[in-house]
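Input: a single structure, listed below in structure tokens.
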Amino acid sequence: MSVSCGFEYVVVFGCVRWAWKRCTYVGSDDSESWPLATPEEFEPVPRICSLILAVYESDIENPQYSPNLDPNSFVKRVTYQQTQGRSPPYIIYVDHEFKEIVLAIRGLNLAKESDYKTLLDNKLGRQMFDGGYVHHGLLKSAVWLLNEESETLKNLWIENGREYSLVFAGHSLGSGVASLLTIIVVNHRDRLGGIPKEKIRCYAVAPARCMSLNLAVKYADVINSIILQDDFLPRTPTPLEDIFKSIFCLPCLLFLVCLRDTFVPEGRKLRDPRRLYAPGRMYHIVERKFCRCGRFPPEVRTAIPVDGRFEHILLSCNTTSDHAILWIKRESEKAVQIMKESHDSTMTTPPKVPRFERKQTHENEHKAALQRAVTLNIPHAEESQAGPSYDEEGSECASETKSRPISARTNWNQLVDQLLTESKNIKTASKAGREME
């Protein structure tokens, strides 16, 4: 009898301890040990958010969300009718002030069936790309988008003297498409006139978990993820289709996922090559702390995490509100302003750390993250960047092609043929099903 009572006490104590740890875990804990971002590296984020919001505008001449954009700089505005459900709506914008060609993609539209189809078109381990796993539906959208706009982007880059940077940006669903589009472009730069890798950047705002951990770390020098405090999407490892099937009972789903993942060992998660993660370098906007009411002046922390990469589901009333692009834009503007004021007040002499040295610091951090991935035995992780080098014409160097494994880079034509064949088979099967009915 005493043994039974003792066992019950242990179980109750364990449950109480778990509930306490879970309830007291807040979003700021994810990035507690990260260094603060500098104003120079985070400054583009509010501007990128404005460009993403421009996709939502009904009248670009009288914008509601993006008042500082030049209407004459819009090259394209593509709607759902034009994409026919193959991709979310997007814009192409040439920013002459900052010398950027921007392709910005909107987030999930709850009223559009095509967006749900993109999310549901996935199964863990279904799609391999560049030595890792990616979300199948988002990859299909990215491939279609590049086929549609590669000539436009290439001509814009060449017309502007090959000096402009190419920026891909997206929010929520669009962030996944933008991230995978970036990986494709980095691996097939010949389609855009041989644009150098250092001129390609991606901003994934409120990012979806769309690629395996080895790819998320490998492309951290190109892809930047922006996360506001408690946002649920970068933290939810369950397949995206399960989230949106249960959208009306999201708190219940998050609790069950939280309970399940608490008892899954960290090492087991890391060794699963199919598990998807938020991409690239992380910028975490923190504005709330444990047992403190209200929002505080936001601060931005940044790192390239490997283990502990936003793995904890939060029991928070702000998990969905922190996902909103308007909130992210507003808080990022505040954060940039605070960083600039703090920087100006402490700088009475020219900066001791020039831009070149800051870039070197990021490169060293990226190499350290890659080495950490190898140390943790993450499948397909590589110690050094395995990206192919290109000559001035955009052709891959033959010496590197021979030294790298064949599976390190997915052939463009094979990838497109595979995706098109799958789509054709699905359409044929659905047509046959309708005829039988």
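The values are calculated or read from the model by the stated rules, or taken from the named source; none is laboratory data. The model shown is predicted, which means the values in this text are computed figures rather than measured ones. Note that each Cβ is placed from the backbone with ideal geometry, even for glycine, and that neighbours are counted across all protein chains shown. SASA here: full protein model, heavy atoms, side chains in, ligands and nucleic acids out. Shrake-Rupley method; radii C 1.70, N 1.55, O 1.52, S 1.80 Å.
Take the Cβ-Cβ distance between ASN68 and GLU151 as r, set R0 to 41 Å, and report the resulting FRET efficiency rounded to the nearest 0.05.
After rounding, the FRET efficiency stands at 0.90.
Could you give the Stokes-Einstein D for the stretch 64-183 in µm² per second, using the C-alpha Kirkwood radius, 25 °C, 0.890 mPa s?
The estimated diffusion coefficient comes to 162 µm²/s.
How big is the dipole moment of the stretch 51-165 about its Cα centre under a simple scheme where the beta carbon of each Lys and Arg is +1, that of each Asp and Glu is -1, and everything else is neutral? Debye, nearest 20, please.
For the stretch 51-165, the charge dipole is close to 600 debye.
How would you order 274-282, 363-371, 57-65, 177-185 from highest to lowest mean count of nearby Cβ atoms within 10 Å?
Ranking the peptides 274-282, 363-371, 57-65, 177-185 by packing returns 177-185, 274-282, 363-371, 57-65.
Which ³J(HN,Hα) values in Hz, rounded to whole numbers, follow from the phi angles of the stretch 185-201 under the Karplus curve 6.51 cos²θ - 1.76 cosθ + 1.60, where θ = phi - 60° and Gly and Pro get x?
5, 4, 8, 9, 5, 5, 6, 10, x, x, 4, x, 4, 5, 9, 10, 9
Taking the Cα centre of the stretch 130-177 as the origin, how large is its charge dipole in debye, to the nearest 20, when only Lys and Arg (+1) and Asp and Glu (-1) carry charge on their Cβ atoms?
Around 120 debye, computed over the stretch 130-177.
Express the carbon and sulfur contribution to the solvent-accessible surface of the stretch 111-193 as a percent, rounded to the nearest whole number, probe 1.4 angstrom.
About 45 percent, which is the carbon plus sulfur part of the accessible surface.
Greater than 25 Å separation of Cα atoms is the criterion. Which listed pairs, LYS199/LYS359; LYS199/LYS289; LYS117/LYS199; LYS117/LYS218; LYS112/LYS199, meet it?
Among LYS199/LYS359; LYS199/LYS289; LYS117/LYS199; LYS117/LYS218; LYS112/LYS199, the Cα-Cα distance tops 25 Å for LYS199/LYS289; LYS117/LYS199; LYS117/LYS218; LYS112/LYS199.
So for the pair ASP59, GLU113, with labels modelled 7 Å out along Cα→Cβ, what separation do we get in nm?
About 3.2 nm separates the two model spin labels.
What net charge is computed for the residues neighbouring ASN160, neighbours being all others with C-beta under 14 Å from the C-beta of ASN160, Lys and Arg scored +1, Asp and Glu -1?
-1
Counting Lys +1, Arg +1, Asp -1, Glu -1, what net charge surrounds GLU333 among other residues with beta carbon under 12 Å of its beta carbon?
Taking every Cβ under 12 Å from that of GLU333, the sum is +3.
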